[in-house]
1. For region 81-109, name all the residues that are closer than 26 Å to VAL182 by Cα, away from the ligand (no atom under 16 Å from the Cβ) and not small (Gly, Ala, Ser).
2. Evaluate the following for VAL175: is it crowded, with 21+ Cβ neighbours inside 10 Å, at pLDDT 95 or above, hydrophobic (A, V, I, L, M, F, W, C) and assigned to a strand (DSSP E or B)?
3. Does region 119-160 hold any residues that are surrounded by 21 or more Cβ atoms within 10 Å (Cβ to Cβ) and of a type in the set (Ser, Thr, Tyr), and which are they?
4. ALA66 passes all but one of (1) touching a helix residue (DSSP H, G or I) at 6+ places or on another chain (Cβ under 8 Å); (2) within 12 Å of the ligand (Cβ to nearest atom); (3) under 19 Å from GLY185 (Cβ atoms); which number fails?
5. Here is a check on your reading of the model: is ALA110 touching a Lys or Arg at 6+ places or on another chain (Cβ under 8 Å), assigned by TED's automatic domain parsing to the domain that holds PHE180 and at pLDDT below 95?
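The values are calculated or read from the model by the stated rules, or taken from the named source; none is laboratory data. Computed from a prediction, not measured in an experiment: that's the story for all the values here. Methodologically, a virtual Cβ is constructed for each residue, glycine included, from the backbone with ideal geometry; neighbour enumeration extends over all protein chains shown.
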Amino acid sequence: MNLNKVFENNEAWIKEKLDNDKNYFEDLGKGQNPELLFIGCSDSRVTAEELMGLGPGDVFVHRNIANMVISIDLNAMSVVDYAVDFLKVNHVVVCGHYGCGGVKAAMQSADLGILNPWLRNIRDVYRIHKNELNNIDDEEKKYDRLVQLNVKEQCVNLIKTAAVQKAIRSRGLQVHGWVFDVHTGKLIDLKIDFVKYLQDIMEIYHLD
Ligand code: CO
């Protein structure tokens with residue numbers, strides 16, 4: 001890829017935006033008020049805004065390998081805190097995707113060096129759901145199901161944070177688990193019952 005093309009694309013994009021609305025960038029420069037925090041995978045195919053038909057200013061985005069929400073990850077925790085407490089987003093989404101290399105790596109018994117501690121968190125998801133996963137014979141189906149279960153567990157991890165617990169109670173923040181199907185482009189809502197999960201884990205994780 002010739003990177004000059006990127007700058008040409010940028011010029012064309014500016015022109016397109018200004019043709020539509022001559023104040024577009026003036027307004028964009030005034031600040032942000034996103035409705036949504038999107039936590040997705042770093043995979044180049046999972047383009048947060050584009051797959052949702054949204055644009056600049058609409059979504060606060062955090063991406064890492066396999067869309068993980070890990071309590072000692074200062075980066076992810078800072079993003080959640082800032083988006084929920086300061087920007088006051090109304091929705092937090094964990095979006096996994098089929099064909100996730102991070103999830104696939106965690107299904108294999110191999111030493112992956114620096115990735116080991118990161119992928120360990122996905123192996124933990126596998127362990128929690130071992131009975132269900134081991135009953136799936138088809139490897140592809142098992143892999144897809146682990147992608148879904150990982151999204152679910154990362155939603156539970158979100159609910160374990162003080163910022164999310166407080167915002168659910170005080171202003172009805174909603175937590176969602178989605179999967180992007182890279183084979184069809186479809187965005188699938190796993191319909192995570194976050195209120196039920198919140199109740200289930202409160203005995204141990206109540207912070208508010
Ligand atoms: Co991925």
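1. So the first thing to find is which residues in region 81-109 are closer than 26 Å to VAL182 by Cα, and the list is 91-109.
From what's left, away from the ligand (no atom under 16 Å from the Cβ): 91-92, 109.
HIS91, VAL92, listed by residue number.
2. Details: crowded, with 21+ Cβ neighbours inside 10 Å: yes; at pLDDT 95 or above: yes; hydrophobic (A, V, I, L, M, F, W, C): yes; assigned to a strand (DSSP E or B): yes.
In short, yes.
3. Scanning region 119-160 gives no hits.
4. (3)
5. On the way: touching a Lys or Arg at 6+ places or on another chain (Cβ under 8 Å): no; assigned by TED's automatic domain parsing to the domain that holds PHE180: yes; at pLDDT below 95: yes.
Criteria not met by ALA110.
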